[in-house]
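Asker: Before I ask anything, let me first share the structure, which is written out below as structure tokens.
The values are calculated or read from the model by the stated rules, or taken from the named source; none is laboratory data. Since we're looking at a predicted model, the values are computed, not measured. Methodologically, a virtual Cβ is constructed for each residue, glycine included, from the backbone with ideal geometry; neighbour enumeration extends over all protein chains shown. The area values use the complete protein model at the heavy-atom level, side chains included, leaving out ligands, DNA and RNA. Shrake-Rupley method; radii C 1.70, N 1.55, O 1.52, S 1.80 Å.
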Amino acid sequence: MKLTETSLLQSAKLLDTPLFKISTTEFVDPASLTVLSYRRAKAIALAHKLDISDIRDLTSKFWDLQADPILAFDGAAITLLTIQYNLILGTLSMYLSERSDLQSIVDN
């Protein structure tokens, strides 16, 4: 599988942001590390700009995210992304056509 150049450029830019320059060894309390991983997961997700159809249809954008080398930077961040995208959004996407009440959860 080959990552698209756009995908790599977007995530590579993240490495120059303060969020990714913080060393995890600077934290002594697990709560701070958790917050950092959530923020990194969100930044990675925003950089890839997936929509629900990318997740439902397993598009190249979806696979670019799954294979992005930046994910090795923070194992907790990829775990959070995997849960949110694959498990939750992947499951909800199958029911959106019949359950419009789920749309607000997906949008959030």
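Asker: Tell me, what is the percent relative contact order of the chain, built from C-alpha pairs under 8 Å that lie six or more residues apart?
Answerer: The normalised contact order for the chain reaches 30 percent.
Asker: Pop out the Kirkwood hydrodynamic radius of segment 67-108 from its pairwise C-alpha distances, inverse of mean 1/r, in Å to one decimal.
Answerer: For segment 67-108, inverting the mean 1/r across all distinct Cα pairs yields 11.4 Å.
Asker: Would you kindly calculate the mean projected area, averaged across all directions, of the convex hull enclosing the Cα atoms of the chain, in square nanometres?
Answerer: Here the figure is 7.2 nm², rounded to one decimal.
Asker: Related question: If you build a Gaussian network model of the chain, linking Cα atoms that sit under 10 Å apart, which residue out of Asp64, Asp54, Asp29 swings the most?
Answerer: Comparing Asp64, Asp54, Asp29 in a Gaussian network model of the chain, the most mobile one is Asp29.
Asker: Dipole size in debye (nearest 20) for the chain around its Cα centre, Lys and Arg Cβ +1, Asp and Glu Cβ -1?
Answerer: In total the dipole reaches around 140 debye.
Asker: Shifting gears a bit: Set the Förster distance to 41 Å, then compute FRET efficiency between Thr34 and Ala67 from the Cβ-Cβ distance, nearest 0.05.
Answerer: Step by step, r from the Cβ atoms, then E = 0.95.
Asker: For Tyr85, Tyr95, what's the largest-to-smallest order of accessible area, 1.4 Å probe?
Answerer: So the residues, ranked largest to smallest area, are Tyr95, Tyr85.
Asker: Select from Thr17, Thr82, Thr59 the residue whose mean-square fluctuation is largest in a Gaussian network model of the chain (Cα-Cα springs shorter than 10 Å).
Answerer: Thr17
Asker: Helix 5-14 against the longest principal axis of the chain: what's the angle in degrees, Cα atoms only, rounded to the nearest 10?
Answerer: Compared with the principal axis, the helix lies near 50 degrees.
Asker: Let me have the 222 nm mean residue ellipticity of the chain computed from DSSP H runs of 4+ only, each contributing -39500 (n - 2.57), with the sum over all residues rounded to the nearest 500.
Answerer: Mean residue ellipticity at 222 nm (helix-derived): -15000 deg cm²/dmol.
Asker: Connecting C-alpha atoms closer than 10 Å in a GNM of the chain, tell me which of Ser93, Ser53, Ser23 has the biggest fluctuation.
Answerer: Among Ser93, Ser53, Ser23, the largest GNM mean-square fluctuation belongs to Ser23.
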